[in-house]
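K.L.:
Take a look at the following structure, please.
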Amino acid sequence: MSVQVIKTQPIEGQKPGTSGLRKKTRVFMEPNYLENFVQSIFDAIGGAEGKSFVVGGDGRFFNVQAIQTILKMAAANGASRVIVGQDGLLSTPAASNLIRQNGTDGGLILSASHNPGGIDADFGLKYNISNGGPAPENVTAKMLARTQEITEYKICDAADVDLGTLGTYALEGMVVEVVDPVTDYQALMEKLFDFDKLRALFAGGFRMRFDAMHAVTGPYATAILETALGAPAGTVINGVPSEDFGKGHPDPNPVWAKTLMDEMMSESAPDFGAASDGDGDRNMIVGKGIYVTPSDSLAVLAANAHLAPGYAQGIAGVARSMPTSAASDRVADKLGIASFETPTGWKFFGNLLDAGKATICGEESAGTGSDHVREKDGLWAVLLWLNVLAVREMSVIDVMADHWQVYGRDYYSRHDYEALPSDVADDVMGDLRDQLSALPGQVHDDLVVSVADEFSYLDPVDGSESHGQGIRIQFEDGARVVFRLSGTGTEGATLRMYLQSYASGDQDLFRDTQEALSKVTAAALEISGLARTGRDAPDVVT
Ligand code: VG1
Ligand code: CO
């Protein structure tokens, strides 16, 4: 076969971040850039010879072109079989499912998730291992090492595969199967949730709006919500994936999904609203007149999961990323099950899920998921919410009021300072680190610091350690602030400040969030000296 061995050299900065390698699209399109990283992935996993993979992406600009390159490289590296979504589309959770269901050795997912798409926007590539989950740190470390010593890559000189037509093709010695992206994922959802009950819910007049944000979940949401469950046409909006996501940010939060938020806060709001991100692994949940924070959503889903058939036996444990609020811990305590606190990024949940220690996991950034795959799963969270609402016959606002009365409320907000000069962001973090031992006992804006540390994680399954995972400052009244730098940005540094404050069930549970957090926010700004960034307000508040 016509394998070409192309000479190349290491390219600086191909460091996999929180969720794979993410760069400007034009960078990915530079000669050898994508190829170097793909070859480094294959080399880091001990070669692709005889292996099988799943490949697909979120449909952004350069998706199909990158997939053609990956297929030709997989064939040249001796892979036996690759499963690809039709038109190159696969949501991240659907890719995770295909890896698990077909027992492939891994998968390559093309997405920069919630980052905008287009030739002048962002692109990304992440590698998932055979359990269907993101490559853990020991694997990404090998990839990074390989990018720094690579001298050549292999690629076939073959024609492009027809990704538009379902079927099985030969690419040199490798089998390429082009599959429908939705079918197997939908079958999995039908096993977990009571589709009859959900059909009856919609037939009874329940109305929802799902904003697919011009990204990959459009086909999934349309097939499941409208076609299978009978929600009226138009339930799914922005449902056709576009290369630049309609020029928007496919980030499901009140800022970027503003149209949906406005509708949900209006007189004519439907009963339920949801949105999903670029690659379909995140979700936003909003009821008529009420936004549900991702941290609260995780807690509510953990408390109510047993109402859905897939979780009727109960759940083994709940895991959350460190910056996520403590709301899910309170649920785990009450249920008498384990709770876990991991670093940011889904890769840290894989071991807990594989070991059966956790069943449900979540992050404050709107990622929730369970052991049905090894990724967060936006549509899964939406369907579990629907199943809970259908069984409890309650509105979202009543579910939340009930939850807060039982557990108390963790007011929560994240303030992002984007595209800061890296040295300024590093200074802020460095100064915080230097202050840690002096902070306990100090009073800032009437709040007394009780504990201050930098989060390290010891994986309870394989004993691996991860350090430098964010600075946490805890106050005596239960409030907390966390500072960390984003690992998914492509411009300068993004500093995230995560704020929370607890109110017990007998207090006013419907205060304005920013107002309820005003003291801890003031204390956090004072301690961190964020004013030196020259910014007088965060760029994004969620
Ligand atoms: C962000 C979120 C994190 C999430 C990651 C990938 O990372 O904060 O919770 O796991 O994105 O999500 P960071 O390092 O920018 O804070 V996705 O939907 O991009 O796969
Ligand atoms: Co995502």
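The values are calculated or read from the model by the stated rules, or taken from the named source; none is laboratory data. Please read all numbers here as calculations on a predicted model, not as lab measurements. Don't worry about glycine lacking a Cβ; one is built from the backbone with ideal geometry, like all the others, and counts go over all protein chains shown.
K.L.:
Six or more apart or on different chains, Cβ atoms under 9 Å: show the pairs whose first residue is in the range 11-30 and assigned by TED's automatic domain parsing to the domain that holds G487 and free of Cβ contacts under 8 Å to residues at least 24 places away in the same chain and whose second is of a type in the set (D, E) and within 13 Å of ligand 1 (Cβ to nearest atom).
P.N.:
Nothing qualifies.
K.L.:
Among (1) out of contact with any Leu (no Cβ under 9 Å at 6 or more places or on another chain); (2) modelled with pLDDT under 95, where does S52 come up short?
P.N.:
With respect to (1) out of contact with any Leu (no Cβ under 9 Å at 6 or more places or on another chain); (2) modelled with pLDDT under 95, S52 is out only on (2).
Quick grid of which residues meet (1) at pLDDT 95 or above; (2) within 17 Å of the chain's Cα centre (by Cα); (3) among the aliphatic types (A, V, I, L, M):
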| residue | (1), (2), (3) |
| --- | --- |
| V216 | yes, yes, yes |
| G234 | yes, no, no |
| N283 | yes, yes, no |
| S297 | yes, yes, no |
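K.L.:
Another question, then. If you take the residues of the range 309-324 that are surrounded by fewer than 23 Cβ atoms within 10 Å (Cβ to Cβ) and touching a residue at least 12 places away in the same chain (Cβ under 8 Å), which of them is nearest to ligand 1 (Cβ to nearest atom)?
P.N.:
If we filter the range 309-324 for residues that are surrounded by fewer than 23 Cβ atoms within 10 Å (Cβ to Cβ), which is where we start, we get 309-317, 322.
Restricting the remaining residues to those that are touching a residue at least 12 places away in the same chain (Cβ under 8 Å) gives 309-311, 314-317, 322.
Values: P309: 27, G310: 23, Y311: 23, G314: 26, I315: 21, A316: 22, G317: 19, M322: 10 Å.
Checked the range 309-324; the qualifying residue nearest to ligand 1 (Cβ to nearest atom) is M322.
K.L.:
Could you count how many residues in the range 484-495 are away from ligand 2 (no atom under 16 Å from the Cβ) and either surrounded by 13 or more Cβ atoms within 10 Å (Cβ to Cβ) or outside the structural domain of L447 (by TED's automatic domain parsing) (or both)? Outline the logic, then answer.
P.N.:
Restricting attention to the range 484-495, the residues satisfying the condition of being away from ligand 2 (no atom under 16 Å from the Cβ) are 484-485, 491-493, 495.
Those still in the list that are either surrounded by 13 or more Cβ atoms within 10 Å (Cβ to Cβ) or outside the structural domain of L447 (by TED's automatic domain parsing) (or both) too: 484-485, 492-493, 495.
The total comes to 5.
K.L.:
Another question, then. Run A438 past the list (1) hydrophobic (A, V, I, L, M, F, W, C); (2) under 29 Å from R511 (Cα atoms); (3) surrounded by fewer than 23 Cβ atoms within 10 Å (Cβ to Cβ) and report the number of the one that doesn't hold.
P.N.:
(2)
K.L.:
Tell me yes or no: at least one residue of the range 56-74 is under 21 Å from K15 (Cα atoms), away from ligand 1 (no atom under 16 Å from the Cβ) and of a type in the set (D, E, K, R).
P.N.:
no
K.L.:
Going by the conditions given, is L171 in contact with a Gly (Cβ under 6 Å, 6 or more places away or on another chain) and within 25 Å of E30 (Cα to Cα)?
P.N.:
No: the conditions fail for L171.
K.L.:
Quick one: in the range 511-533, which of the residues that are outside any helix (DSSP H, G or I) and touching a residue at least 24 places away in the same chain (Cβ under 8 Å) is farthest from D398 (Cα to Cα)?
P.N.:
Result: G529.
K.L.:
Additional query: Limited to the range 261-296, what total is found for residues that are more than 16 Å from ligand 2 (Cβ to nearest atom), of a type in the set (D, E) and out of contact with any Phe, Trp or Tyr (no Cβ under 7 Å at 6 or more places or on another chain)?
P.N.:
The qualifying residues number 4.
K.L.:
Show the residue pairs meeting these rules: Cβ distance below 7 Å; 6+ apart or different chains; first residue within the range 132-143 and within 14 Å of G46 (Cα to Cα); second residue hydroxyl-bearing (S, T, Y) and at pLDDT below 95.
P.N.:
Qualifying pairs under 7 Å: N138/S464.
K.L.:
Let me confirm something: among S113, S96, which residue is part of a loop (DSSP other than H, G, I, E, B) and within 23 Å of V373 (Cβ to Cβ)?
P.N.:
S113
K.L.:
Identify the residue in the range 39-62 that is in a helix (DSSP H, G or I) and surrounded by fewer than 23 Cβ atoms within 10 Å (Cβ to Cβ) and, among all such residues, is farthest from ligand 2 (Cβ to nearest atom).
P.N.:
Taking the candidates together, the pick is D43.
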